[in-house]
Amino acid sequence: MTFSVKLPINEHKNGTLERKSDFEFEFAHTLISTRNQMDIPPSNDPKTPLLPLDDPNQRSQIKFSSSLKSILTSNNFNILLGPLLSTIICLHVNLDGSLTTSRNMLAVLAWIFAWWLTEAVPMPITSMSPLFLFPLFGIASADDVAHSYMNDVIALVLGSFILALAVEHYNIHKRLALNITLVFCGDPLNPPLLLLGICGTAAFVSMWMHNVATAVMMMPVATGILRRFPTGPNQSVVVGKFCRAVVLGVLYSITIGGMSTLTGTGVNLILVGMWQSYFPEAAPVTFSTWFLFAFPSALLMFLALWALLCCLYCSRSSGQALSVYFDKAHLKEELEMLGPMAYAEKMVLALFSMLIVLWMTRSITEDIPGWGVLFKGLAGDGTVSVMIATLLFIVPSKKQKGQKLMDWDKCKKLPWNIILLLGAGLAIADGVRSSGLADILSESLDFLEAVPYLAMTPAVCLISSTITELITSNNATATLIVPLLIQIAKTTHVHPLLLMIPGGIGAQFAFLFPTATPSNTVGFATGHIEIQDMIKIGLPLKIAGIAVLSLLMPTLGVYVFRTGEQVQ
């Protein structure tokens, strides 16, 4: 049955409505608007309805088609990929008649890494999946898995991130950068020396803060210095090269600086956490022992980076051309805008310095045990980190009555995604070991016993650095490759750290592409560099890094980490 409605209004040719009453006008306006939105041409036939007649078949087809399109998306396929791979492994993979838990652990790994690689589910949520996958697959209890998400390594990260937020809040990093750059500017302008100062500042800040946070802080400082130069067609070749050198230098210096301390990047923490998890009876890798090896390695790589940039982009002869646009006045103006250092800034800087000293002196050598012996070895690096972070919420800032240096509102920017990813890496390491999957991997790597260690170290660095460039993030690469390297070390009767450290540090050599790490993306987004610039500097820098690790690990590494001792 068809219903027609005769409206008590007239629609004129110009589209206006003759109103007879407010209600009639609103009702008519609604019907005509609906007709126009549905692209229904107006009809002169008064019997033609303004609204379309319902076609049940057509409506059901449209609903089915839209529902099918909403289901058959690439993201939904990637979500199903994890459980699908896990099911296939559980049904069809037989690890030489081994325990069911080993096969289940392999299935869980396939599930987690499928979600990590495709990012079908946000990475922080994927990082929490071991909390339900391990108990469901019979690998570990819920309490055991949860323990991996809060241990001394995670406490170290939490305290460091809170302190980094305090440094950022009070602009200490910017003040430090401007002062050091002012010192290295030179008179007359010396471009290589200025580049050394800018890159050195970025590397130093990155030693104590996460790479991404350092990139977000330091890149505006670097581009602020470059604003003195002209842009566009008026920019000379010399100026353009120096701009590229500064951005590339800051970008790679952040990565290199992060290598040198445990808190510099998540990869170092993952590596140390796995060492403690796999070998709880062995001597722990402390902040000071890591620094004694990683800092000389990072220093050699930093000098190689600086030499590459000076040769390709920033010669000493360019100083005369650059001095036209650049002098010390610009830096002094920015420094004056910050004003004198307030009490709050001095206290944050003092607590920051105290934390570094406590980290370095907790365990020094066997002859000089450090302050940790006073607590019978019960205190760790995380203990100190959380203690200093707690003081930030106790010490007054003297800006307002009752105000402290930090409050919890300032901590809303804590990078929980990094913390959860670290916890997932430690949980996976425990699962691979406890499920027996580690022993199976070890048995399948017998052929590596014939490979000499000197050839194995560069191979490990090359593999891990290639994976992190093309496949996944630095942290995920370390989580994937470090347990495998532990089994290779057991098979070849090599101290595990001799392979774990080159593999872990090699996973940070993501120098070639903007998408390899978030800090690379931050530098690329400035518009000063292109992909060919990253490859031109990144490839030789990667080769230099592999050479440095291959040289120092069998020499300095043997002394620092005492790899001559037997590990159980």
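List of remarks:
- Nonlocal amide H pairs with Lys404, under 5 Å, H built at 1.01 Å: Ser397
- Under the convention that each Lys and Arg Cβ holds +1 and each Asp and Glu Cβ holds -1, the size of the dipole of region 284-420 around its Cα centre is about 420 debye.
- Karplus-derived 3J(HN,Hα), 6.51/-1.76/1.60, for each residue of region 196-208, Hz, glycine and proline x: 4, x, 5, 5, x, 5, 4, 5, 5, 4, 5, 4, 10
- Cut-off 13 Å between beta-carbons: net charge of the residues surrounding Val384, Lys and Arg +1, Asp and Glu -1: -1
- Area projected by the alpha carbon convex hull of region 493-563, averaged over all directions, nm²: 5.4
- Region 159-289: C-alpha gyration tensor shape, a/c 1.5 cut-off, then a/b vs b/c: prolate
- Counting only Cα atoms, region 105-202 measures 69, 27, 18 Å along its principal axes, largest extent leading.
- Region 261-305 - percent of accessible surface contributed by carbon and sulfur, probe 1.4 Å: 74
- Accessible area (Å², per residue) of region 505-551, counting only protein heavy atoms and a probe of 1.4 Å: 38
- Estimated dipole of region 328-396 in Debye, rounded to 20 [Cβ of Lys and Arg +1, of Asp and Glu -1, Cα centre]: 120
- Between region 248-322 and region 340-363, the alpha-carbon center distance in angstrom: 22
- Here the spin labels are modelled as points 7 Å beyond Cα on the Cα-Cβ line, and at Thr231 and Lys376 they lie 6.3 nm apart.
- Percent of alpha-carbon pairs separated by more than 25 Å within region 223-348: 51
- Contact order relative to length of region 108-256, as percent, for alpha carbon pairs under 8 angstrom and 6 or more apart: 19
- Extending 7 Å from the Cα toward the beta-carbon at both Ser323 and Thr100 defines two label points whose distance is 7.9 nm.
- Ranking Lys376, Lys490 from most to least accessible surface, computed with a 1.4 Å probe over the protein chains only, gives Lys376, Lys490.
- Solvent-accessible area per residue, Å², over region 181-324 with all protein chains present [probe radius 1.4 Å]: 33
- If the segment from Leu117 to Glu565 were pulled out straight at 0.36 nm per residue, it would be longer than the present Cα-Cα gap by 157.5 nm.
- One Cα centroid belongs to region 390-444, the other to region 129-161; the line between them spans 11 Å.
The values are calculated or read from the model by the stated rules, or taken from the named source; none is laboratory data. Small disclaimer: the values here were computed from a predicted structure and weren't measured. Neighbour counts are summed over all protein chains in view; Cβ atoms, including those assigned to glycine, are modelled from backbone coordinates with ideal geometry. Heads up: the accessible areas ignore ligands, DNA and RNA and are worked out on the full protein's heavy atoms, side chains in. Shrake-Rupley method; radii C 1.70, N 1.55, O 1.52, S 1.80 Å.
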